[in-house]
Amino acid sequence: MTVKDPRAAGLAALAGLLADRTRAACLLALLDGRAWTNGELARHAGVAASTLSEHLGKLVAGGLLIEERQGRHRYVRLADARVAQLVEELTARVAPEAAPPRPRTLREASAGSALARGRTCYDHLAGRLGIAITDALTERGLLSVTGGAADAWPVTEERGTGFALTEAGLKWFGDAGIGLAHTGRRPLARACLDWTERRPHLAGVAGAELCRHALDTGWCVRIGSGRAVRLTATGEHTLSALLDIDPGTLR
């Protein structure tokens, strides 16, 4: 007699939510970590507002989005960091032949180049900027690659997340003025597969706080209203001083 796995129905329902191009476009747009209105997402996805509203209802009911109302406006955002991780890592596994078509205009090419150079992945840094910072932290012994290794810190919280901050790494964050308030179930450090670089960048609490600090202090600034970010002269100087990153690799 076959025993049915009770998780199968839930997995199938989740796959069904993701298996629609309009809903997928919305989830990708919301990876910028901000709340969008129904109208903004409808224009982004190229569908009518009424059509988009139906899709958002399904994503909210499925637990992938949360809804917020402010006056007459309805906003939606990703439910949490775990949803962002799921979307980003699935995107990184899209076969090269299924990647977006080549840009048709200079504007499209510039936007794609900016995203590849540096962007936010929900609440942490990605693209070449995120990878460069992650590599520098690793090369200097501030971040270690783990697979649940016994020397990971702290073992009980970082096991299986791919990255762990070393004691020197914890001190580096403190010296840089980046607080690491570690509460809840979110790991202190986690590897997130980068969809343009096809390599892991730093996520988790450390990645989120590093990104927040970089934006708050002007190390980098957002480009327009999308996910792309640009490293400033202050950021270039600071990262060169703190991590010996060659600014030329980030331009």
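The values are calculated or read from the model by the stated rules, or taken from the named source; none is laboratory data. What you are looking at is a predicted structure, and each value in this text was computed from that prediction instead of being measured. For neighbour counting, all protein chains shown are included, and Cβ atoms are generated from backbone atoms with ideal geometry for every residue, glycine included. Just the protein is used for accessible areas: all its heavy atoms, side chains included, with ligands, DNA and RNA removed. Shrake-Rupley method; radii C 1.70, N 1.55, O 1.52, S 1.80 Å.
Details
Yes/no matrix, rows are residues, columns are (1) touching a residue at least 40 places away in the same chain (Cβ under 8 Å); (2) surrounded by fewer than 17 Cβ atoms within 10 Å (Cβ to Cβ); (3) in contact with a Pro (Cβ under 9 Å, 6 or more places away or on another chain):
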| position | (1), (2), (3) |
| --- | --- |
| Pro6 | no, yes, no |
| Ala9 | no, yes, no |
| Ala13 | yes, yes, no |
| Gly16 | no, yes, no |
| Leu31 | yes, no, no |
| Ala49 | no, yes, no |
| His55 | no, no, no |
| Gly63 | no, yes, no |
| Arg77 | yes, no, no |
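- Output for the range 44-79, where each listed residue is β-branched (Val, Ile, Thr) and touching a helix residue (DSSP H, G or I) at 6+ places or on another chain (Cβ under 6 Å): Val47, Val76
- The range 194-221: number of residues that are more than 25 Å from Val145 (Cβ to Cβ) and modelled with pLDDT under 90: 0
- One residue stands out among those in the range 222-251 that are farther than 27 Å from Arg82 by Cβ and in contact with a Leu (Cβ under 6 Å, 6 or more places away or on another chain): the one that is modelled with the lowest pLDDT, which is Leu250.
- In the condition set (1) among the acidic types (Asp, Glu); (2) open to solvent by less than 30 Å² (accessible area, probe 1.4 Å); (3) touching a helix residue (DSSP H, G or I) at 6+ places or on another chain (Cβ under 6 Å), Glu88 is compliant with all but (3).
- When residues of the range 193-220 are limited to those that are of a type in the set (A, V, I, L, M) and touching a Lys or Arg at 6+ places or on another chain (Cβ under 6 Å), the one surrounded by the fewest Cβ atoms within 10 Å (Cβ to Cβ): Val205
- Residues that are within 16 Å of the chain's Cα centre (by Cα) and open to solvent by 20 Å² or more (accessible area, probe 1.4 Å) were ranked within the range 169-190; the one that is modelled with the lowest pLDDT is Arg186.
- Any hit, the range 195-211, residues being aromatic (Phe, Trp, Tyr) and assigned to a loop (DSSP other than H, G, I, E, B): yes
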